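Q: Provided herewith is a single structure, encoded as structure tokens, for subsequent inquiry.
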Amino acid sequence: RLSGTPSPLCAPPAVPMATAKGVRTLLINPSGQELRGLLAEILAEAGAIVDEVATQSAVDMLIAAEVAPEARVLPSVPSSAEGYDCLLLLGSPFGVRTEEGDEEGDAGTSASLGLAEELEKVIRAFHNTGKPVLGICLGAQLIARAFGGAVRRLPHDPSHTALPVPLDGEAPPLLGVEFGWHAQEFTQEAWRDPLVSKALRGVLAQERELPNGKLNLKFQQWHSDTFDLPPGAAGLSTRATCPAQAFRVGGMSSCTYAFQYHIEVGQAMAELWCRNLAEGTDCYLPRDAWTPLRTPGAHAALEQQLASVVREGSVRRATRFTTLFLREWLARAALARDTAAALGGAWWGSGPAA
């Protein structure tokens, strides 16, 4: 079933956190080098059984990066949802744009687009059997593609650029990119969504004082591509520089979520990313071919701005949101698993390979 309406097994009732123990999570880290960040502790706390996989074709494109020690490198991603309870897709440096002729200058484009088609199939397999799906950054773009949304470059102009500090010394100018901690505007649909609204209200309940009297949630960004929401998707948050930020596929009972921004990034990863941007880190090039930022004092300015984001509480609030959202998402996976077991759902399988 490819209509974007999932199986009713993924249903709204809340489930206690303890029941998420043993949830079998397929974590696809496409090129293997991405870090789990905040997700690592939340998954461990929940008692999830995580099978992290990367694909050989994507790993082979890397030059200046190492595969995460937790990741198994496979010839291809699993072809079905069998043996797993939920699917989590991380980001990757490669692109999966759908517009013809939009791949100029990308490393390994034909290989990455072939992999994208594989990933779209497994996304649909999980969604159509009611097993929760969560995509972050590239993962969000893949979910958009899987259900009919286009993926393309952000326009290279100031109105589609969001940077934490002025970087006026760059030549060519750094345009068509969102980097750093930027506020999200959550939609009415988000405040009605059973998972996102619970996380938002949980953040509100924790905060004694809010800047300007309202919830102004910021998250780490780092992307230069964007997507159109798939037909029928519910937009959950937006920004002026890049309107497509987060969405849910299907109705209120759906557990397929996509976030363009990096809900997995906390302070430690954000500090690393400031350094990576300043050094011009490029996984597809040897280190001596990287192009560091030319703007004088760029790295120090990025670090100072991040410190101010930490002081104002934005990182704390984002961490709280991610924790609450992922806990509930895992609980829904446990509910779907237990419901299927009660119904004699043999398709649930025997679990991920060791």
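None of the figures in this text is laboratory data; all of them are computed from the coordinates on show. Only a predicted model underlies this, so the values are computations on that prediction, with no experimental measurement involved. Counting neighbours? That spans all protein chains shown, and the Cβs are built from the backbone with ideal geometry, glycine included.
Q: Can you give the FRET efficiency for SER76 and ALA150, using 1/(1 + (r/R0)^6), R0 = 35 Å, r = Cβ-Cβ distance, to the nearest 0.05?
A: On the way: r = 25 Å, r/R0 = 0.71.
So, using R0 = 35 Å, E works out to roughly 0.90.
Q: Can I ask one more? Would you give the gap between the C-alpha center of region 252-274 and the C-alpha center of region 28-44, rounded to a whole Å?
A: So the two Cα centres are separated by 10 Å.
Q: If you don't mind, another one. Using Cα-only point scatterers and the Debye equation, what is log10 of I(q)/I(0) for region 265-319 at each q in 0.29 Å⁻¹, rounded to two decimals?
A: Log-scaled intensity ratios, in q order: -1.09.
Q: Here is a further query. Cut-off 10 angstrom, C-alpha nodes, Gaussian network model of the chain. Which of ALA144, ALA162, ALA340 fluctuates the most?
A: Comparing ALA144, ALA162, ALA340 in the GNM, the peak value goes to ALA340.
Q: Taking amide H positions as placed in the peptide plane 1.01 Å from N, state which residues far from HIS223 in sequence (5 or more) or on other chains have amide H under 5 Å from it.
A: The list, which skips near neighbours in sequence, is GLU178.
Q: Next up: Using the alpha carbon gyration tensor of region 212-262, what are the three equivalent-ellipsoid semi-axes (square root of 5 times each eigenvalue), largest first, in whole Å? Please list the in-between numbers first.
A: Values: eigenvalues 80, 47, 19 Å².
Ellipsoid half-lengths, sorted descending, are 20, 15, 10 Å.
Q: Sticking to Cα atoms, compute the Rg of region 156-264 to one decimal and its Dmax as the biggest Cα-Cα distance, whole number, in Å.
A: Computed over the Cα atoms of region 156-264, radius of gyration and Dmax are 15.3, 48 Å.
Q: From the P(r) of the chain, can you give the percent of Cα pairs sitting at distances over 35 Å? Show your work: numbers first, answer last.
A: Values: 11578 of 62481 pairs.
That fraction is 19 percent.
Q: So which DSSP H runs in the chain come out at 30 Å plus along the axis (Cα) with average Kyte-Doolittle of at least -0.5? Provide the component values of the computation, followed by the final result.
A: Working: long enough: 314-342 (42 Å, 0.03).
In the chain, the long hydrophobic H runs are 314-342.
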